Amino acid sequence: MSVTVRVPAKVNVQLAVGAVRPDGFHDLANVFLAVGLYDEVTVTPADGLRVTCEGPDAAQVPLDRTNLAARAAEALAARYGLDPAVHLHIAKDIPVAGGMAGGSADGAGALLACDTLWGTNASRAELLDICAELGSDVPFSLVGGAALGTGRGERLRTLEVGGTFHWVFAMADRGLSTPAVFREFDRLTEGLDVPEPVASQELLDALAKGDPGALAAAVSNDLQPAALSLFPELADTLAAGRDGGALAALVSGSGPTTAFLTRDAESAVKVAEALETSGTCRTVRTATAPAPGASVVAGS
Ligand code: C5P
């Protein structure tokens with residue numbers, strides 16, 4: 001008996017960051033867009049809780065109780081008085097520590113997979129509640145599509161998307177820690193008046209219209225200066241994608257993955273080739289958006 005759930009990566013088309021809060025988090029206006037790069041989480045009954053991982057970056061994934069997939073299984077089991085005796089296997093295709101919510105995807109995937117396996121039938125609201133406890137980006141991994149996240153990013157409002165967007169992603173040869181990037185944001189903005197984060201109406205309209213040119217003109221990431229400060233070579237990757245014809249080039253979330261919005265599928269292939277030959281990144285992937293949220297793909 002096993003259940004497999006597929007979960008998408010995300011790119012933040014807008015990441016507006018407010019001042020640091022007393023709890024150490026930052027208020028955000030976070031426009032998430034799910035993209036068609038997926039992790040798959042398979043859950044099987046076992047003697048105890050165990051996590052394994054396969055994929056090119058598998059060696060960098062923690063297999064202990066810090067893994068969000070393990071924490072998701074424990075959180076659901078605790079609510080229903082169950083023993084989280086399962087084997088969680090992650091087939092990892094989303095870059096690790098890349099700013100594309102790969103860890104969050106595994107948390108949301110494990111939660112849905114365990115809910116299905118155990119027949120707990122938790123409501124959507126309950127699942128979202130557990131996701132929010134696990135991390136700021138985890139609720140969006142469950143929901144997918146496009147959404148505006150407020151609060152620390154966990155309060156979601158679904159957004160309309162009027163077409164398919166073509167993206168290219170360049171993976172770096174090392175990761176960046178999200179807390180470290182937020183700390184660098186705090187250092188860079190110290191003494192400055194950081195405005196309240198607000199979603200851009202132009203950006204929401206561009207998403208609703210499915211207009212890549214308008215979306216490209218509106219994308220923004222307040223964490224980008226902090227990511228570039230910690231990882232200056234990313235500026236070369238951004239420039240290589242722009243030179244290759246991307247409509248917009250930005251750091252994805254806290255980075256270091258860089259994201260390139262292109263006009264169409266053909267242009268995405270050209271941008272991908274330009275990035276590959278630039279020698280400024282480790283690997284390059286193309287993907288379309290929006291992608292669906294966590295969904296059960298197989299069960300036996
Ligand atoms: O919520 P999550 O565990 O994904 O957050 C990871 C880290 O990112 C937090 O510990 C915090 O340092 C930073 N963060 C933040 N403000 C947010 C979301 C995350 O400062 N809204």
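The values are calculated or read from the model by the stated rules, or taken from the named source; none is laboratory data. Please read these numbers as outputs of a predicted model, since none were measured by experiment. Counting neighbours? That spans all protein chains shown, and the Cβs are built from the backbone with ideal geometry, glycine included. In case anyone asks, the SASA skips ligands and DNA or RNA and just uses the protein heavy atoms, side chains included. Shrake-Rupley method; radii C 1.70, N 1.55, O 1.52, S 1.80 Å.
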Those residues that are buried (at least 17 other Cβ atoms within 10 Å of the Cβ) and in a loop (DSSP other than H, G, I, E, B), I need them from segment 163-192; list them, please. Ala172, Gly175, Leu176
Considering only segment 89-136, state which residues are of a type in the set (Ser, Thr, Tyr), away from the ligand (no atom under 13 Å from the Cβ) and part of a helix (DSSP H, G or I). Thr116
Selection status of Ala147, within 11 Å of the ligand (Cβ to nearest atom) and aliphatic (A, V, I, L, M): no
Right, Glu154: open to solvent by less than 50 Å² (accessible area, probe 1.4 Å), more than 26 Å from Gly245 (Cα to Cα) and free of Cβ contacts under 8 Å to residues at least 40 places away in the same chain or not? yes
Can you find even one residue in segment 59-79 that is open to solvent by less than 30 Å² (accessible area, probe 1.4 Å) and in a loop (DSSP other than H, G, I, E, B)? yes
Just one of Asp27, Asp47 is open to solvent by 50 Å² or more (accessible area, probe 1.4 Å) and in a strand (DSSP E or B); which is it? Asp27
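If I ask for residues that are closer than 22 Å to Glu184 by Cα and polar (S, T, N, Q), which ones from segment 196-239 would you list?
Ser220, Asn221, Gln224, Ser229, Thr237
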Complete set of residues in segment 248-273 that are surrounded by fewer than 21 Cβ atoms within 10 Å (Cβ to Cβ) and in contact with a helix residue (DSSP H, G or I) (Cβ under 7 Å, 6 or more places away or on another chain): Arg263
May I ask you to say which residue of Thr116, Thr66, Thr120, Thr164 is of a type in the set (Val, Ile, Thr), closer than 30 Å to Val219 by Cβ and either under 19 Å from the mean Cα position of the chain (by Cα) or modelled with pLDDT of 95 or more (or both)? Thr164
May I ask you to say which residue of Arg71, Arg65, Arg124 is out of contact with any Pro (no Cβ under 6 Å at 6 or more places or on another chain) and in contact (Cβ under 8 Å) with a residue 24 or more places away in the chain? Arg71
Restricting attention to segment 165-182, which residues are touching a residue at least 12 places away in the same chain (Cβ under 8 Å) and either among the aromatic types (Phe, Trp, Tyr) or within 15 Å of the ligand (Cβ to nearest atom) (or both)? Phe165, Trp167, Phe169, Gly175, Leu176, Ser177, Thr178, Ala180, Val181, Phe182
Can you name every one of the strands (runs of 3 or more DSSP E) wholly within segment 193-300 that holds 2 or more residues which are aliphatic (A, V, I, L, M), over 30 Å from Val20 (Cα atoms) and free of Cβ contacts under 8 Å to residues at least 40 places away in the same chain? none
Going through segment 28-73 in order, the residues found to be farther than 20 Å from Val251 by Cβ and of a type in the set (Asp, Glu) are Asp39, Glu40, Asp47, Glu54, Asp64
Does Leu142 qualify as being outside the structural domain of Ala227 (by TED's automatic domain parsing), open to solvent by 10 Å² or more (accessible area, probe 1.4 Å), in contact (Cβ under 8 Å) with a residue 60 or more places away in the chain and not hydroxyl-bearing (Ser, Thr, Tyr)? no
Test Arg285 against the criterion of being surrounded by 15 or more Cβ atoms within 10 Å (Cβ to Cβ) and more than 16 Å from Asn12 (Cα to Cα), and give yes or no. yes
